[in-house]
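Take a look at the structure set out below.
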Amino acid sequence: MQFFPLGDIFRDISLILMVGVVFYSSLLSIILYREWYMNESRKITDIQLGWAIFLLGMAFNRGAFILADFYFITEPWNTFFIKFGYIGLILALTAFFFAMEISLPHNTRHMFFVSGLAHAVLAAIFPRAWLEAIALSFAIIVFIGVLLFLNFTMKNTSDDVRKSIKIIIAGFFLGFVGFIFASDMAYNNLGLIPYLIGELLLVVGIVIFGLGSLYSPVLEEFDWKEKLVELYFIQDGGLLIFHHEFERTSELDQVLTAAGISGIQSLFKEITQSDSGLNIVSVGHFEILFSHSETFTSVLISKAPYKILLGKLNEITQIFEQMFGNIIQNFGGSLTEFSSAKELVTSIF
C-alpha cells in the first residue's frame, strides 16, 4: 500500500486498527491453545489447535504488515516483512487445513494442505510483484475449504452448539471480507476509505469469531461419534421401549438394564425431592446422559459428557415423542412397534 506521512490522522487510524487485529488474534490464539493444552485427550490434529495456529498466523501477518507499512519502508526490509507476513498466514492456514481434512468425511487427499505448502513456497521464491496474485489464489482455496468445514459442522451439531457455529461463521466471513478490502490490491484500486473499513471489519470479525469459539465446546467435540456406546428409551414405569447399541458392550440384559436405570433415577428423585430427574451421571469411564419426555426417558451412555451429545439426545427425544407418543401411553410390551426408530437413530447419530 502507499505509505502514510507522519502525523496523518488516517495513518493513526490505520495503525490502531492493525494493532487491534494483532492484539485480539494473539489473545484468542493463546486462550484457544490453553484450552487445547488443558484437555487431557488432546491430539495434534485437533481443530481447536488448528484455529489457535490460524489466529497466531493472522497476528504475524498484520504485525509484519505494520512493520513494512509504517516503519521499514525502504528495501530490502520492506519486501522481507511483506513476504514474512504472507508466508506466516499461509503456513498457519495450512496447519489448520491439516487438522480440518482429517475431521472432514470428504476424501480430499490433503488437497488443501498441499496447496497451502505450495503457495507458501511460491510466496517465498517469487518476486514481490507476484505476491498479490498468490494471495488471491490462496484466498479462493481458503474460502472453499472453510466453507466445506463449516457446512460439515452445521450438519453435525444442534441446539446451543449450532448457535455458536453460526457466530463463528459470521465472524469468519466478516473477517474474510475485511481481509480482502484491507489488502494492497483493494487499496490501490478502491482507495483509502474501503481500506480502513476493511481493517475495521477484520477487527470486528475476529472478535465475533473469538466469542463463538470461546463459548462453544464444539471445537473439541468432533470425535463425538467415537464416544457413543448405547441408547435407551425407557417408559416412565421402567419398561424398555427401544435400545440401540453403537458399539459392542458386555452381555447384559437390556430389559434389566433399563429397569435398573429407571430405578436409580427414581431413587435419586426421592432422595433429592425433585421431579426433574437426572441429567448427567458419571460412572467410571462412562457418562450417562438423560433427556426427559412426558411419557418416557431417553438415556445415552457415552464415553464423554459432550454438550453436542446432550443436544442430540434432546433432539431425538422430541422427535421420538412426536412419532410414538400415543403408542407409549398404551404400551403393552411389544418392541416391534418401535422398529422404525432405528432409522431415526441413524439420521441423528
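Read-outs: derived from the displayed coordinates by stated rules, not from any lab. A quick note: this is a predicted structure, and the numbers were derived from the prediction, not measured. In this analysis, Cβ positions are derived from the backbone assuming ideal geometry, glycine residues included, and neighbour counts consider all displayed protein chains.
Applying a threshold of 28 Å to the alpha-carbon distances of LYS163/LYS227; LYS43/LYS342; LYS43/LYS312; LYS83/LYS163 flags LYS43/LYS342; LYS83/LYS163 as lying beyond it. Multiplying the residue separation of ILE327 and MET185 by 0.36 nm and subtracting their alpha-carbon distance yields 44.6 nm. For the chain, which longest stretch is free of loop sites, where a loop site is one of the trypsin sites (Lys or Arg not before Pro) that DSSP puts outside H, G, I, E and B and that has at most 16 other Cβ atoms within 10 Å? The reported range is 110-247.
Taking the structure as given and computing percent of Cα pairs over 35 Å apart, which label from (1) 33; (2) 24; (3) 39 fits? Only one option fits the structure, namely (3). The modelled label-to-label distance for the pair ASN107/PHE70, using points 7 Å beyond Cα in the direction of Cβ, is 5.0 nm. A straight line joining the Cα centroids of the stretch 27-52 and the stretch 286-331 runs 31 Å. Protection proxy ranking of 91-97, 120-126, 194-200, 343-349, by the mean of other Cβ atoms within 10 Å over each peptide's residues and highest first, is 91-97, 194-200, 120-126, 343-349.
Look at the alpha carbon pairs under 8 Å that are at least 6 residues apart: their mean separation over the length of the chain gives a relative contact order of 13 percent.
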